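The block underneath contains the structure these notes are about, expressed in structure tokens.
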Amino acid sequence: MYTMDLTGKVAIVTGGGNGIGKAIVHAFLDCGALVAVVDLSFNEMTSDERLFYVQTDVSNHEQIDTMIESVIDYFGRIDILVNNAGISTMDYFVDIKEKDWDKTMDVNAKGVYLCTQAVAKILKQQASGGKIINISSQAGKNGYRLMGSYVASKHAVLGMTKVAALELAKHKINVNAVCPGIVETNMKRTERTIGGELRGLDAEAIETEDNAQIPLGRTAVPGDIANVVVFLASKYSDYMTGQGINVTGGMTM
Ligand code: NAI
């Protein structure tokens, strides 16, 4: 029988406190996994012993090491890592401020590199395989105006996905990426406001423009992305590695 069963698997979801990450956390729980929710802060915490909240900045090496130790102390092992934490900053390319560039690259690219390295070390010691899933973006494959640093960081995520997939394959660790299109989260709402201001359009006009570009006729809800992440965390993706899967309602093909 086909079931997305993750019973007993231990997953780390970065940026798990909101948006897409939160949907992934709940999808994993529904499949029987135990989940470490990693984020800068938490506006709500569900009381459930299958959930372990760890306040961590993914761009900080020391905090990641401490987070990994505490997850091992609490759950005893790690099987799945979802590198989902991300930020976006917006400006015309020629105007990007160095501090915004650095911050975007630190969280979106360096965070993936640091967390992957720390978790891969544990997965190799356990010698029972594992799944690493990176949340890139269709901005990891295409250019979008006003999103220079974000686009660069998400291309970097796809690059790391391919190299880590090659190097970890012999340890039966699959490394894949999901490239979402437009997903209704706080990040998207902020982007519409700032992008609108820069382009002299209101957020509503940007939303209409967004919808018009999507063949399936609607923007994504976080659960649309979580569905694909669950597949990549399950045994049904055992023969896939190094891929960047578009989940865009057809906007990117
Ligand atoms: P969101 O803003 O709703 O959630 C992002 C989460 O990451 C927040 O809880 C935030 O606190 C956390 N975070 C930010 N910096 C962090 C850090 N240094 N350490 C730990 N946690 C940190 O955003 P959303 O939309 O759920 O984004 C999730 C991922 O999906 C991001 O990587 C984003 O780039 C990607 N994505 C989002 C799309 C969208 O349309 N919303 C489209 C394509 C990709």
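The values are calculated or read from the model by the stated rules, or taken from the named source; none is laboratory data. Note that the structure is a prediction, hence the values are computed from the model and not measured. Here the Cβ positions follow ideal geometry from the backbone for every residue, glycine too, while neighbour counts run over all protein chains shown.
Taken as a whole, region 64-80 holds no residue that is outside any helix (DSSP H, G or I), surrounded by 14 or more Cβ atoms within 10 Å (Cβ to Cβ) and within 11 Å of the ligand (Cβ to nearest atom).
Scanning region 24-42 for residues that are in contact with a helix residue (DSSP H, G or I) (Cβ under 7 Å, 6 or more places away or on another chain) and within 18 Å of Gln55 (Cα to Cα) yields Ile24, Leu34, Val35, Ala36, Val37, Val38.
For region 210-217, does any single residue satisfy the condition of being within 18 Å of the chain's Cα centre (by Cα) and modelled with pLDDT of 95 or more? No.
Can you say whether Ala177 is touching a helix residue (DSSP H, G or I) at 6+ places or on another chain (Cβ under 8 Å) and closer than 19 Å to Val119 by Cα, as far as the supplied structure shows?
Values: touching a helix residue (DSSP H, G or I) at 6+ places or on another chain (Cβ under 8 Å): yes; closer than 19 Å to Val119 by Cα: yes.
For Ala177, the condition - touching a helix residue (DSSP H, G or I) at 6+ places or on another chain (Cβ under 8 Å) and closer than 19 Å to Val119 by Cα - is met.
Among residues of region 82-100 being within 13 Å of the ligand (Cβ to nearest atom) and either part of a helix (DSSP H, G or I) or aliphatic (A, V, I, L, M) (or both), the one that is surrounded by the fewest Cβ atoms within 10 Å (Cβ to Cβ) is Ile87.
For first residues located in region 58-85 and on the phi > 0 side of the Ramachandran plot, partners that are buried (at least 23 other Cβ atoms within 10 Å of the Cβ) and in a loop (DSSP other than H, G, I, E, B) and lie 6+ apart or on another chain with Cβ distances below 8 Å do not occur.
Quickly run through region 8-22 and pick out the residues that are buried (at least 24 other Cβ atoms within 10 Å of the Cβ) and within 23 Å of Glu184 (Cα to Cα). Once the filter is applied, which keeps residues that are buried (at least 24 other Cβ atoms within 10 Å of the Cβ) and within 23 Å of Glu184 (Cα to Cα), region 8-22 yields Ile12, Val13, Thr14, Gly15, Gly16, Ile20, Gly21. One residue stands out in region 149-163 among those that are farther than 17 Å from Met90 by Cβ and buried (at least 24 other Cβ atoms within 10 Å of the Cβ): the one that is farthest from the ligand (Cβ to nearest atom), namely Thr161. Residues that are within 16 Å of the ligand (Cβ to nearest atom), of a type in the set (Val, Ile, Thr) and over 20 Å from the mean Cα position of the chain (by Cα) do not occur anywhere in region 221-235.
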